[in-house]
Amino acid sequence: MAFGDQPAYLRVADDLRKKIAAGELPPHARLPSQARIREEYGVSDTVALEARKVLMAEGLVEGRSGSGTYVRAQPVPRRVVRGGFHASGETTPFRQEQADDRITGTWDADSEQEEAGPEIAGRLGIEPGERVMRTRYVFRSHGEAVMLSTSWEPLAVTGRTPVMLPEEGPLAGRGVVDRMAALDLVVDNVAEEVGARPGRAEEVLALGAVPGHWVLVTSRTYFAGRRPVETADVVVLAERYRVAYRLPVR
């Protein structure tokens, strides 16, 4: 088999990748063994092993203990639609994170007070060490965990008020816009940044994946004027989702 100028293990990985994409190696099919790769491509055991490692790192194949390496079924990416915020009276925690009205879901939440670290303090415009309410969410659709979110609200804003706990009190289960409105704070703008990183073990396991999978992280902050009133990190599996934005034209 003729190869170009790439390192041998990348050339082998590229050819196997093409076979997976073309369906010659369909989902759940066993990847050729190390000996088979060595023989078919005329490479060493080391090259064959490194080629398989590349495909595993890309999430195209997975190892099964005592059985071999198999082609993974690739999920069809779904969209996380971001559109700023909803007007008062329309929000729930699930809806403010997943703006596609066709998708419904439930969530579990756990709140706890803590001291703000430097990053969160900077996002909230407060001093490190100031008290915040941290709430961790697990969002589910059709019983499947699809999204994680951790939010922080400054207790200088919500402390000793009926909305101090996002999931308790008269506005339990309502979104940030409604809850802040109860404090006479009008949420009128939101800032978001989207990045990718390897998922932490607890994150990917909660989302039904395995350590090593990458996640998309949307860091979002709600503002009332120039005052930050809530910031959050929203986490989804990168292979399952695409982040789509709907923005007004000005």
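The values are calculated or read from the model by the stated rules, or taken from the named source; none is laboratory data. Quantities reported herein were computed from a predicted structural model and do not represent experimental measurements. We place every Cβ from the backbone using ideal geometry, glycine too, and count neighbours over all the protein chains shown. Heavy atoms of the whole protein, side chains included, go into the accessibility calculation; ligands, DNA and RNA do not. Shrake-Rupley method; radii C 1.70, N 1.55, O 1.52, S 1.80 Å.
Across all Cα pairs in the chain, the calculated P(r) in 5 Å bins from zero up to the longest distance comes to 1, 6, 11, 14, 14, 12, 10, 7, 6, 7, 6, 4, 2, 1, 0 percent per bin.
Using the Cβ-Cβ distance between Ser65 and Glu192 with R0 set to 35 Å, the FRET efficiency works out to roughly 0.30. The residues of the chain have, on average, 54 Å² of accessible surface per residue, using a 1.4 Å probe with all protein chains present. Here the Debye sum runs over all C-alpha atoms of the range 177-250 as equal scatterers in vacuum, and log10 of I(q)/I(0) at q = 0.16, 0.20 Å⁻¹ comes out as -0.70, -0.87. Amide H of Glu230: which non-local residues (sequence gap of 5 or more, or other chain) have their own amide H closer than 5 Å, using H built in the peptide plane? When sequence neighbours closer than 5 places are left aside, the close amide H contacts are Tyr222. Only helices enter the 222 nm calculation for the chain: every DSSP H run of n ≥ 4 contributes -39,500 (n - 2.57), and dividing by all residues gives -7000 deg cm²/dmol, rounded to 500. The relative contact order of the range 96-218 comes to 16 percent, based on Cα pairs under 8 Å that sit 6 or more residues apart.
Grab the beta carbon distance between Leu10 and Glu167, set R0 = 51 Å, and tell me the FRET efficiency rounded to 0.05.
On the way: r = 49 Å, r/R0 = 0.97.
Efficiency computed from Cβ-Cβ geometry: 0.55.
With an 8 Å cut-off on Cα pairs and a minimum separation of 6 or more residues, tell me the relative contact order of the chain in percent.
On the way: 446 pairs, mean separation 42.2, N = 250.
Value for the chain: 17 percent.
Taking all protein chains as they are arranged and a probe of 1.4 Å, the heavy atoms of Arg131 leave approximately 110 Å² accessible to solvent.
Note on Ala244/Leu49: beta-carbon distance plugged into 1/(1 + (r/R0)^6) with R0 of 51 Å gives a FRET efficiency of 0.85.
Stretching the chain fully between Lys19 and Glu112 yields a gain of 28.5 nm (0.36 nm per residue, less the alpha carbon separation). Carbon-plus-sulfur fraction of the accessible area of the chain, 1.4 Å probe, in percent? After summing per-atom areas, the C and S share lands at 51 percent.
Taken over the range 30-79, the convex hull of the Cα atoms encloses 89 Å³ per residue.
Annotation: the antiparallel percentage among DSSP beta bridges lying fully within the chain is about 90.
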